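Working notes, structure below.
The values are calculated or read from the model by the stated rules, or taken from the named source; none is laboratory data. Note that the coordinates shown come from a computational prediction; the quantities given were computed from them, not determined experimentally. Please note: Cβ atoms are built from the backbone with ideal geometry, for glycine as well, and neighbour counts cover all protein chains shown.
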Ligand SMILES: [Mg+2]
């Protein structure tokens, strides 16, 4: 029996997240009505995940639900915003209860963990695609931007880079390894947005971006916005043992620098705030690593352990670049 749109929303999403007391009206009316506190600003972002582009059509629905929300939370983290509300637009070939139940579980678990309430949505019949808009709260004027970096600032990154990229290569059968790449799949399918870290960083970082399309591309956005360049010290780029082995075997830096889907934060800190940052970072759930320096000379230079520069910096994934 096909479910109507109303049944879908009601059955799977109405009470799966929240409740927050700043939601005046949630799911069920023509609009949600939300209360933004005085002296706060709203940070808003939307992401769409399309089957066959961002995930396999037969991927675990629980992972899709998790990731659809996680990518938006990662953007809020990059601004130093505190997550509050989300809306969801779901395009489905058919309404399959088992799929919807698992999707909703993945979405709701992450939403509850970050005190996000789903306040509205839309369902449509069509090829599988998921759009999630998230809303976060900022102290007025306190948003971390991409454009605040200056020459002399130190470049940092949270966590490790390349785990999701290597997991994808392994899933595609392009990298075959004895032993366990299983732990990396968690990073690919169930990334942990660095929300708590972003909130703390807002007081010390001069600029910040989340690493979704690969460090080289996303740091490149930060550099252009900040009107400067940078040198990265490759031996300092934090990698798991598996990624380190892969780079050592292949000489290919594109996994940690350009594969994307890391959802870590890349940020810059003025030198005089380095001690404050490193003290703050003791409370983080992931390490932060100093990986480079902002410089007046535009562009991104990657310095290898022997002091020589990488001839070509691997670039990130661009959906509209065409080609292969
Ligand atoms: Mg982003």
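If residue 167 meets every condition in (1) surrounded by 19 or more Cβ atoms within 10 Å (Cβ to Cβ); (2) in contact with a helix residue (DSSP H, G or I) (Cβ under 6 Å, 6 or more places away or on another chain); (3) touching a residue at least 24 places away in the same chain (Cβ under 8 Å) apart from one, which number is that one?
Condition not satisfied by residue 167: (3).
Determine whether the stretch 260-272 contains at least one residue that is closer than 14 Å to residue 156 by Cβ and out of contact with any strand residue (DSSP E or B) (no Cβ under 7 Å at 6 or more places or on another chain).
yes
Identify the residue in the stretch 105-127 that is surrounded by fewer than 21 Cβ atoms within 10 Å (Cβ to Cβ) and within 23 Å of the chain's Cα centre (by Cα) and, among all such residues, is nearest to residue 63 (Cα to Cα).
Out of the qualifying residues, it is 105.
Tell me whether the stretch 251-273 contains one or more residues that are farther than 20 Å from residue 191 by Cα, out of contact with any helix residue (DSSP H, G or I) (no Cβ under 9 Å at 6 or more places or on another chain) and at pLDDT below 95.
yes
Taking residue 24, is it farther than 27 Å from residue 185 by Cβ, without any contact (Cβ under 8 Å) to a residue 60 or more places away in the chain and more than 16 Å from the ligand (Cβ to nearest atom)?
Yes: the conditions hold for residue 24.
Counting only residues that are on the phi > 0 side of the Ramachandran plot and surrounded by fewer than 21 Cβ atoms within 10 Å (Cβ to Cβ), which one in the stretch 212-251 is farthest from the ligand (Cβ to nearest atom)?
251
Within the stretch 74-83, is even one residue buried (at least 23 other Cβ atoms within 10 Å of the Cβ) and away from the ligand (no atom under 16 Å from the Cβ)?
No, because not a single residue in the stretch 74-83 is buried (at least 23 other Cβ atoms within 10 Å of the Cβ) and away from the ligand (no atom under 16 Å from the Cβ).
Within the stretch 40-60, take every residue that is more than 16 Å from the ligand (Cβ to nearest atom) and surrounded by 15 or more Cβ atoms within 10 Å (Cβ to Cβ) and give me the one that is farthest from the chain's Cα centre (by Cα).
40
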